[in-house]
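Student: Pasting a structure below so you can have a look.
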Amino acid sequence: MTDALPAAPPAVLSEVLFSRLLEDALDAVIIIDEQCRIRYINGAMQALSGYASGELLGQTLNGLLPDAVASQHDNLVINYIRSSRQSSVLGKIREFAIRHRNAQMIPIEMKALDLGVVDGMRYFGAFLLDVRERRELAAKNASLLAQLEQQALHDALTSLPNRRAYEAQAEQAMARAARSGAALTVGVADLDHFKKINDRHGHAVGDAVLRNVAQVLRDTGRVTDVAARMGGEEFGLLFPDATLPQAQMVAERIRAAVAAAVTVLPDGSPLHVTISIGLAPLARGASMDAAMSEADKALYVAKHQGRNQVMAALAAE
């Protein structure tokens, strides 16, 4: 058995092969000399910049740079060459922008390299990646995420915060009240005889009523108050920095505004509805569940004493 022949040394590849590879690369490629003159751009760079190769070769790089960078780029290159210090930029991927032929600034990712000295001239090169599509996708995803978060925290019919959002805002209000010592009052509101409205006029009218009442809640409460749809015809209320008497005044305005609001029926006739509201203060050290339970009891009393009224937990006891 004969010994295997030693492997032949790898052939030195022609520069033409590298040139062909760069020319058809997906990433844009640009090479400049130490005087910041453009010496080479590939096809992808032509497409990215909007310039043909012959238009840029021999031109200064500054025409492609943002104004703030162009004014100091040449000096940065000169200082780098003279100092022989390691660059904090070269060899690292960073976000940048180049100026298109139509003056539009195009966001890119760039990796610039010191290519060394050839025939007494220093050269620098860079790979550039167009990130417009990525940024557009990221913006769309962010918008979609915001929409999903909005949907997750809001009632689809009334656009009011839903129970989940109410509970989260209640926790935040409790924490603020605990830190500041300010008063906090909670409320539960329920439309009167709502089932009869649905039975008599249909669910489309019932939905219209709920939307109208939601608008009243938005328009009538204070800016800092919270109104949320808890489910069905029930609404949760939060009155930050409000004692029980202060919250009663706001709740009374809400009750009166709901009673005055009109929902127009399909035949053009007006429909008026009323609302009952139970209130309770959040005592220091008490839980939100306990306060809501007291507000529920007050609402129960309001319902059994004729509806269309505001009842406070202290008065209900």
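The values are calculated or read from the model by the stated rules, or taken from the named source; none is laboratory data. Since the structure is predicted, the reported quantities are computational estimates derived from the model, not experimental observations. With ideal geometry, Cβ positions are generated from the backbone for all residues, glycine too; neighbour counts draw on all protein chains shown. Protein only, heavy atoms only, side chains kept; ligands, DNA and RNA dropped before computing areas. Shrake-Rupley method; radii C 1.70, N 1.55, O 1.52, S 1.80 Å.
Student: Go over the candidates ALA47, ALA112, ALA70, ALA97 one by one and state the one that is part of a helix (DSSP H, G or I), within 24 Å of VAL131 (Cβ to Cβ), open to solvent by less than 70 Å² (accessible area, probe 1.4 Å) and free of Cβ contacts under 8 Å to residues at least 40 places away in the same chain.
Tutor: ALA70
Student: Sticking with this structure for a sec: Would you say ALA302 is open to solvent by 40 Å² or more (accessible area, probe 1.4 Å), among the aliphatic types (A, V, I, L, M), more than 32 Å from the chain's Cα centre (by Cα) and more than 26 Å from SER180 (Cα to Cα)?
Tutor: Criteria not met by ALA302.
Student: Follow-up question, since we're still on this one. Taking into account only those residues within the range 287-299 that are among the aliphatic types (A, V, I, L, M) and surrounded by 15 or more Cβ atoms within 10 Å (Cβ to Cβ), which is modelled with the lowest pLDDT?
Tutor: MET288
Student: Also, I was wondering about something else. Could you grab me the full set of residues in the range 148-179 that are among the acidic types (Asp, Glu), part of a helix (DSSP H, G or I) and either at pLDDT 90 or above or under 20 Å from THR224 (Cβ atoms) (or both)?
Tutor: Within the range 148-179, GLU167, GLU171 meet the criteria.
Student: How many residues are open to solvent by 60 Å² or more (accessible area, probe 1.4 Å), more than 29 Å from the chain's Cα centre (by Cα) and either among the hydrophobic types (A, V, I, L, M, F, W, C) or within 18 Å of LEU22 (Cα to Cα) (or both) when one looks only at the range 115-141?
Tutor: Number satisfying all stated conditions: 4.
Student: Residue check, LEU191 against (1) closer than 30 Å to ALA286 by Cβ; (2) surrounded by fewer than 17 Cβ atoms within 10 Å (Cβ to Cβ), all met but one. Which one?
Tutor: (2)
Student: Which one is farthest from the chain's Cα centre (by Cα) among residues in the range 6-39 that are modelled with pLDDT of 90 or more and open to solvent by less than 50 Å² (accessible area, probe 1.4 Å)?
Tutor: Across the range 6-39, the extreme among qualifying residues is ASP33.
Student: Moving to a separate point now. Of the numbered conditions (1) open to solvent by 20 Å² or more (accessible area, probe 1.4 Å); (2) more than 35 Å from the chain's Cα centre (by Cα); (3) among the hydrophobic types (A, V, I, L, M, F, W, C), VAL273 fails exactly one; give the number of that condition.
Tutor: Tallying (1) open to solvent by 20 Å² or more (accessible area, probe 1.4 Å); (2) more than 35 Å from the chain's Cα centre (by Cα); (3) among the hydrophobic types (A, V, I, L, M, F, W, C), VAL273 fails exactly one: (1).
Student: Follow-up. Restricting the search to the range 102-147, which residues are more than 21 Å from ASP27 (Cα to Cα) and in contact with a helix residue (DSSP H, G or I) (Cβ under 8 Å, 6 or more places away or on another chain)?
Tutor: ARG122
Student: Moving on to the next point. Quick one: LEU65 ticks every box in (1) free of Cβ contacts under 8 Å to residues at least 12 places away in the same chain; (2) of a type outside the set (S, T, N, Q); (3) in contact with a His (Cβ under 8 Å, 6 or more places away or on another chain) bar one, so which box is it?
Tutor: (1)
Student: If SER87 meets every condition in (1) surrounded by 11 or more Cβ atoms within 10 Å (Cβ to Cβ); (2) modelled with pLDDT under 90; (3) over 39 Å from the mean Cα position of the chain (by Cα); (4) over 16 Å from ASN62 (Cα atoms) apart from one, which number is that one?
Tutor: Result: SER87 fails condition (3) only.
Student: Provide a single number: the residues in the range 226-250 that are in contact with a Phe, Trp or Tyr (Cβ under 8 Å, 6 or more places away or on another chain) and of a type in the set (A, V, I, L, M, F, W, C).
Tutor: 7
Student: Would you point out which residue out of ALA251, ALA259 is closer than 20 Å to LYS303 by Cα and touching a Ser or Thr at 6+ places or on another chain (Cβ under 6 Å)?
Tutor: ALA259
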